[in-house]
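*Asks:* Just passing along the structure, written as structure tokens.
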Amino acid sequence: MDAPVLDDITTKGRLWQWFLEHAKSRFALVWLALIAFTDTLFSPITAEPFLAALVLAHRDRWKRYLAVALTFSTLGTIAGYWILFWLYRAYGEALLASWGYTDAYATAQAVLAGSIFWAMLLASVTPIPDKALIYAAGILGSPFAPFVAGFVLGRGIRMSIVTYIVWAFGEQVLEAVDKYAVWASVLILTVFAGYAIVRFDLWPW
């Protein structure tokens, strides 16, 4: 008995087909805005695959798609920051104090505050989800301006790269991007971890 063809029934394959179909919809920009906003807030679906599908469908509209994707990703990030900021101060602060972790909170707050721009830049430029850092920045009350600036620059670079390679080379380049994206992320995170160890003297010895 022949083995079933899995490529057509994987979740990733079905999602990509959904993206391709809805990229031709008259509500495509609405879908892009919704996906981009929820991407950085809570959704496991990132905006870049749908952005790529849109550029494939309408190459001449790439500037509009890029602007919408980046704008609504940023708005989702800002919403995530302030939601966690107020939730922590409404419910988490007293709980953390009752557990005796106030000093640990202050230490974490100082560490992240000093590197929030670079942390957001590196987290946002990789395909690894940056929601945990967005939530942490809100809980710790990290400086807001460098937080947003780091995200916009990092996510802007990432989305611009996706938009350009799809615009320039078409669908055939996406397979290579998907194959090597994780390794590129590991390399970037390794560099960031090395920087953090040196910058904050986190050597284990």
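Rule-based calculations on the coordinates, nothing more; no lab input. These numbers were taken from a predicted model, which means no experiment stands behind them. A quick note on method: Cβ atoms are made from the backbone with ideal geometry, for glycine too, and the neighbour counts reach across all protein chains shown.
*Asks:* Would you mind ranking ILE161, ILE139 by Cβ crowding within 10 Å, fewest neighbours first?
*Replies:* Ordered from fewest to most neighbouring Cβ atoms within 10 Å, ILE161, ILE139 come out as ILE161, ILE139.
*Asks:* Simple spin-label model, 7 Å along Cα-to-Cβ: TRP82 to TRP118 in nm?
*Replies:* 3.0 nm
*Asks:* Suppose the chain between ARG89 and ALA132 were pulled fully straight at 0.36 nm per residue; how much longer would it get relative to their current alpha carbon spacing?
*Replies:* 13.7 nm
*Asks:* I need THR126, THR71 ordered by Cβ neighbour count within 10 Å, fewest first.
*Replies:* If I rank by nearby Cβ atoms, fewest first, I get THR71, THR126.
*Asks:* Could you work out how much longer the chain between ASP103 and ARG59 gets when fully extended? Use 0.36 nm per residue separation minus the Cα distance between them, nm to one decimal.
*Replies:* 10.6 nm
*Asks:* Using DSSP to call loops (not H, G, I, E or B), can you name the chymotrypsin sites (Phe, Trp or Tyr not before Pro) in the range 28-127 whose Cβ has at most 15 other Cβ atoms within 10 angstrom?
*Replies:* Filter output for the range 28-127: PHE42, TYR101.
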